[in-house]
Amino acid sequence: MKSIVLFGLLLSSQMLLAQGQLNRQGHRGTRGLMPENTIPAMKKALDLGVQTLELDVVISKDNQVVVSHDPYMSADISLKPDGTPVTADEQKKINLYQLTYDEIKTYDVGSKPHPLFKEQQHFRAYKPLLGELLDSVAAYVKAKGLPQPSFNIEIKSSPATDNVYHPAPEEFVRLVLPICQQKLGNRFNIQSFDARPLQLIHKQAPTVRLAYLTANTKSVAENLATLGFKPYAYSPYYKGVTAETVKTCHEQGIQIIPWTVNTKPEIESLVQLGVDGIITDYPNLF
């Protein structure tokens, strides 16, 4: 019995050590608790102790970098300027790449209850500019005496929607990267499911940390062959992560940071496998 207790204490201490080293990332700020990709969501995530704020960026008609997961007004979260809901049939027609930022800002993306996140608070909110969000976070942590966080910034692009929902990768990178470099120094990485912007940044600014997002059943080696270089981080959908996945990444000096892990048992299971970070909608679970 004594040996069992000692083993349990040892395992608990190892878990605590792993959690202490874990890169705790708030997905879209803290989507499970606050309206996604809004400034209040980022502040809430910081209050919960995240080290890295994960967010997505798209481009407006007037070439502004807007914090938004979708390149259109999602029916799940959006109300029109007159207060009526955006419907599923019309959401993709409200294309942010065809709207100026002043037009985008008139939509409310915080008041509508999200069908998947019952704990989420509701209040009027808007899609902020990337620069505004970064400045707001910097002022918030300074006022509260918190450490400056890192940012995991996703470029939302796809070859199929170039020049329809977003600019081609060259223009996308030209608009996003300088804002990050000027405001964050080295406290950021760029991630994408699209290898093209990552490949461009790798050539243009090789010191910028890059993360390759995946959601397929290919091996690590197959996905890295598509990317064409070893990134700072490999970010697969969490259900596909195995001990072998972790081992393969670590043997190549690549961090593994799965997404989006939303229960405590799943977080603990991945920590035991040795992942370097966790992206979650619920940073309170840490």
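In this structure the amide hydrogen of Tyr232, modeled in the peptide plane, comes within under 5 Å of the amide hydrogens of Leu210, none closer than 5 places in sequence on its chain.
Under a 5 Å amide H cut-off, with hydrogens placed 1.01 Å from N, Phe151 pairs with Leu53, Phe188, Asn189 among residues at least 5 apart or on other chains.
Ordering His250, His27 by the number of other Cβ atoms within 10 Å of each residue's own Cβ, fewest first, gives His250, His27. Taken about its Cα centre, the range 177-258 carries a charge dipole of roughly 240 debye when the Cβ of each Lys and Arg holds +1 and the Cβ of each Asp and Glu holds -1.
Placing +1 on each Lys and Arg Cβ and -1 on each Asp and Glu Cβ, with no other charges, gives the range 44-191 a dipole about its Cα centre of roughly 400 debye.
Placing unit charges on the Cβ atoms only, positive for Lys and Arg and negative for Asp and Glu, gives the range 56-110 a dipole magnitude near 100 debye about its Cα centre. Taking every DSSP bridge with both residues inside the range 17-153, close to 50 percent are antiparallel. In plain terms, if you count all Cα to Cα distances in the range 136-286 and split them into 10 Å steps from zero, the share in each step is 10, 36, 36, 17, 1 percent.
For Ser111, the residues whose amide H sits under 5 Å from its own are Phe123, Ala125, ignoring neighbours fewer than 5 places away on the same chain, with H placed 1.01 Å from N.
Cα centroids of the range 244-283 and the range 69-140: 29 Å apart. Each residue of the range 51-62 is assigned a 3J(HN,Hα), and the resulting list reads 9, 9, 9, 9, 8, 10, 10, 10, 10, 8, 4, 9 Hz, derived from the Karplus form 6.51 cos²θ - 1.76 cosθ + 1.60 (θ = phi - 60°), x at Gly and Pro. The label-point distance for His122 and Lys93, in a model that sets each label 7 Å from Cα toward Cβ, rounds to 2.5 nm.
Adding -39500 (n - 2.57) for every DSSP H run of four residues or longer, then dividing by how many residues the chain holds, sets the calculated 222 nm ellipticity at -11000 deg cm²/dmol.
For the peptides 46-57, 155-166, residues were scored by their other Cβ atoms within 10 Å and the scores averaged per peptide; the highest-first order is 46-57, 155-166. Kindly express, to the nearest 10 degrees and within the range 0 to 90, the angle between helix 2-21's C-alpha long axis and the longest C-alpha principal axis of the chain. Helix 2-21 sits at roughly 30 degrees to that axis.
Separation of the range 144-185 from the range 189-240 is 15 Å, based on Cα centroids.
Rounded, prolate or oblate for the range 40-83? Axes are the square roots of the Cα gyration tensor eigenvalues, ordered a ≥ b ≥ c, and the cut-off for rounded is a/c under 1.5. Because a/c hits 1.5 or more and a/b fails to exceed b/c, the range 40-83 counts as oblate. Computed from the Cα positions only, the extents of the range 191-230 along the three principal axes stand at 30, 15, 14 Å, in decreasing order.
Once the Cα atoms are used to define both axes, helix 195-204 deviates from the longest principal axis of the chain by about 90 degrees.
Each residue of the range 139-149 was assigned a 3J(HN,Hα) from its phi angle through the Karplus curve 6.51 cos²θ - 1.76 cosθ + 1.60 (θ = phi - 60°); the sequence is 5, 5, 5, 5, 5, 9, x, 9, x, 5, x Hz, with glycine and proline shown as x.
No lab work stands behind these numbers, since they all come straight from the coordinates. Predicted model, so just to flag it, every value in this text is computed and none were measured. A quick note on method: Cβ atoms are made from the backbone with ideal geometry, for glycine too, and the neighbour counts reach across all protein chains shown.
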